[in-house]
């Protein structure tokens, strides 16, 4: 039998009774028929199931085989962040003035805004910062609006995804990254029909960013009942972006929103913020530029994010690539002093090394799993899941970040009749579908598992059926371990 935990991890785990060998054999007998499914012949499949009471593998097939994990990579990102930053960590955005405002509310020098990588900063929160500055009596800035993005490195690109079509189109799942980010670094292009057929349709940006984004439209209003056709061309300039919208929407049609990624998130942030300052009656005389907050600057306003534990719930349950990459870069910034993907991955590797997991078995590319080059075996994923299940400091927050089957997140429509008995993280790319997490057996036993499938044809539905069949078999398993006279406590991942 393969024992997953290294000595260092075992010493940190409560003394649960080991599952008797005959019960392990029974579990293997229950699960082995899964291998007769065509998926195991038509695709690359790797799976491992580990009993949390003993840390022992109870069933596997290619447990040490590295496959593309897709978004199950976020399991590693969440665990690394909780271990290094702590569940109460908060991302902070601060506005400074070169000097304090005078009696008329005028700042004689520049206004600075320093980003802390907040992945939750949206237009409503940015409005709150502008409103706080207005309430503080500020009316004019004689200098520049200076954007300090130095908490992260200068590269805004999500490492590891080189699909040409996505680079050109900018879909929202392929976000840009910055210490000063807004609205997940996407723009929402809002389209609604005109008053009557033949009239121009109304096309607007949900969050205006004048000076950086230009929106053009040849959209028209079609006859009632006609099919909507909307085309969006994204053009990236040196310091500007243009979205050209064409097509038609039928008269009486609903309001539609189309999301696209911005190329330079810091410029987008600055343009939107400058517009909000103007809306609040605060004039900025100078230009908008990059820079660093001087030590002599005076703080004027600040905004903190929800705690990391709350952010990781959104990240994992809804598989936000943007949040995962912002969190990973923050791990690097706070731990290594450099806010880059590479520094964040260095912290992740140190954590996996501490668990005794062989670095030769995995390839880490980024924090979200949006890559064709990543490779992680099930044994690495279950190694992290077992460790987090027994971590009294952050284990509860980690478990809470996972989707609850039948109830929320990416698993809300799965296993609805057995809702709450599986918590997991899905991962999907073309010809890749994975599931990893915790599953409960009939007697209340808890197991960590990772079930990866690559290279299949015909969509992910067939993989989901096998995953669900695996879960239902686990729901029916009774290991009899709970009948032990020592009556050991159940693990509570």
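Only the coordinates and a few stated rules stand behind these numbers; no lab work does. A quick note: this is a predicted structure, and the numbers were derived from the prediction, not measured. So basically every Cβ, Gly included, is an ideal-geometry build from the backbone, and we count neighbours across all protein chains shown.
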For the peptides 74-81, 417-424, what is the packing order when you average, over each peptide's residues, the other Cβ atoms within 10 Å and list the highest mean first? 74-81, 417-424
Rounded to 5, percent antiparallel among DSSP beta bridges of the chain: 75
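Can you give the FRET efficiency to the nearest 0.05 for residue 206 and residue 240, using r as the Cβ-Cβ distance and R₀ = 25 Å?
Working from the Cβ atoms, E equals 0.85.
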In degrees from 0 to 90, rounded to the nearest 10, what is the angle of the helix 308-317 Cα long axis to the longest principal axis of the chain? 70
Simple spin-label model, 7 Å along Cα-to-Cβ: residue 218 to residue 465 in nm? 4.6
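Between residue 40 and residue 128, take the C-beta separation as r, use R0 = 60 Å, and let me know the FRET efficiency to the nearest 0.05. Walk me through the intermediate numbers first.
On the way: r = 53 Å, r/R0 = 0.88.
Efficiency, from the Cβ-Cβ distance: 0.70.
Multiply the residue gap between residue 88 and residue 396 by 0.36 nm, knock off their C-alpha separation, and tell me the result in nm, one decimal place.
Working: separation 308, 0.36 × 308 = 110.88 nm, distance 1.28 nm.
Here the answer is 109.6 nm.
Hey, what did segment 164-261 get for relative contact order, percent, Cα under 8 Å, at least 6 apart? Walk me through the numbers on the way to the answer.
On the way: 209 pairs, mean separation 33.9, N = 98.
Over segment 164-261, the number comes to 35 percent.
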Using a 10 Å cut-off on Cβ atoms, rank the peptides 199-208, 228-237 from the highest mean neighbour count down. 199-208, 228-237
Express the relative contact order of the chain as a whole percentage, based on alpha carbon pairs under 8 Å and six or more residues apart in sequence. 23
Anisotropy class of segment 254-333 from Cα gyration tensor, a/c 1.5 cut: oblate
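Which three numbers, in whole Å and largest first, are the semi-axes of the equivalent ellipsoid of the chain derived from its Cα gyration tensor as √(5λ)? Write down the numbers at each step before the final one.
Numbers: eigenvalues 422, 164, 67 Å².
Three semi-axes, in Å: 46, 29, 18.
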Once you have the Cα-Cα distance between residue 254 and residue 430, take 0.36 nm times their residue separation minus that, and quote the gain in nm to one decimal. 60.3 nm
So how far, in whole Å, is the C-alpha centre of segment 145-199 from the one of segment 202-239? 14
Angle in degrees between helix 461-476 and the longest Cα principal axis of the chain, rounded to the nearest 10: 50
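How many percent of DSSP beta bridges within segment 211-358 run antiparallel, rounded to 5?
Values: 8 of 16 bridges.
Given both bridge residues lie in segment 211-358, the antiparallel proportion sits at roughly 50 percent.
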Please give the helix 341-354 orientation as an angle from the longest Cα principal axis of the chain, in degrees from 0 to 90, rounded to the nearest 10. 20
Where both residues lie in segment 164-261, what percent of DSSP beta bridges are antiparallel, nearest 5? 70
Fully extended contour minus Cα-Cα distance, from residue 136 to residue 155, at 0.36 nm per residue: 3.4 nm
Cβ crowding within 10 Å averaged over residues, with 101-109, 314-322, 44-52 ranked highest first: 44-52, 314-322, 101-109
Let me know the shape class of segment 164-261, please: from the alpha-carbon gyration tensor, a ≥ b ≥ c as square roots of the eigenvalues, rounded when a/c is under 1.5, otherwise prolate if a/b is greater than b/c, or oblate. prolate
Residues in segment 122-138 that a label on residue 279 would reach, taking backbone N under 13 Å of a point 7 Å out along Cα→Cβ: 122-132
Using only alpha carbon pairs under 8 Å that are at least six residues apart, calculate the relative contact order of segment 335-493 and give it in whole percent. 17
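With 10 angstrom as the radius, rank 251, 338, 466 by how many other C-beta atoms surround their C-beta, starting from the fewest.
Working: 251 19, 338 15, 466 22.
Taking fewest neighbouring Cβ atoms as first place, the list is 338, 251, 466.
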